[in-house]
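Beneath this line is the structure, given in C-alpha cells, with notes to follow.
The values are calculated or read from the model by the stated rules, or taken from the named source; none is laboratory data. These numbers were taken from a predicted model, which means no experiment stands behind them. Please note: Cβ atoms are built from the backbone with ideal geometry, for glycine as well, and neighbour counts cover all protein chains shown. For accessibility, only protein heavy atoms count, side chains too; no ligands or nucleic acids. Shrake-Rupley method; radii C 1.70, N 1.55, O 1.52, S 1.80 Å.
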Amino acid sequence: MNTIRTPAVAGMFYPDNPDELRTMVRKFLSETKVSTEPVPKAIIAPHAGYIYSGPIAASVYARLAPAHHTITKVVLLG
C-alpha cells in the first residue's frame with residue numbers, strides 16, 4: 001500500500017502554496033555555485049525552515065545534479 005502523508009507544517013516552515021514553494025526551491029537551486037568536484041556518494045542536508053536552511057540545502061542537493069541520470073537508489077534517514 002502506498003500512503004502519501006499530508007504536509008503537517010506547510011505554511012509554517014515552507015510555503016503552503018505549491019507554485020510559491022516551487023519558485024522558492026528553484027530560486028535556491030539557481031543561486032548555487034557549480035562544483036567541479038566529484039559527485040558525493042552521500043550527503044548531509046539541513047531540514048529546518050526553508051527561509052533558514054534553504055540556500056544551504058540547495059547547495060548540497062545541487063552537488064547531485066550532474067549524476068541525476070545515474071542515481072538509482074536513495075536512502076533517506078531522518
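If you roll a 1.4 angstrom probe over the protein chains with everything in place, what fraction of the accessible area of the chain belongs to carbon and sulfur, to the nearest %? Intermediate values should be presented prior to the final figure.
Details: 4280 of 7040 Å².
Carbon-and-sulfur percentage of accessible area, whole number: 61.
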Lysines with Cα under 17 Å of LYS41, excluding same-chain neighbours fewer than 8 positions away: LYS73
Approximate spin-label separation THR36-TYR52, in nm, with each point projected 7 Å along Cα-to-Cβ: 3.6 nm
Folded to 0 to 90 degrees: helix 18-30 orientation relative to the chain principal axis, Cα: 20 degrees
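In whole percent, what relative contact order does the chain give with Cα contacts below 8 Å and a gap of six or more residues?
Working: 51 pairs, mean separation 22.8, N = 78.
Once divided by the residue count of the chain, the mean separation gives 29 percent.
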Net lengthening on full extension, VAL9/ILE43 (0.36 nm per residue, minus Cα-Cα): 9.8 nm
Compactness of the chain - radius of gyration and Dmax, Cα, Å: 14.0, 41
Pairwise FRET efficiency - ARG22 versus MET1, Cβ, R0 = 30 Å, nearest 0.05: 0.60
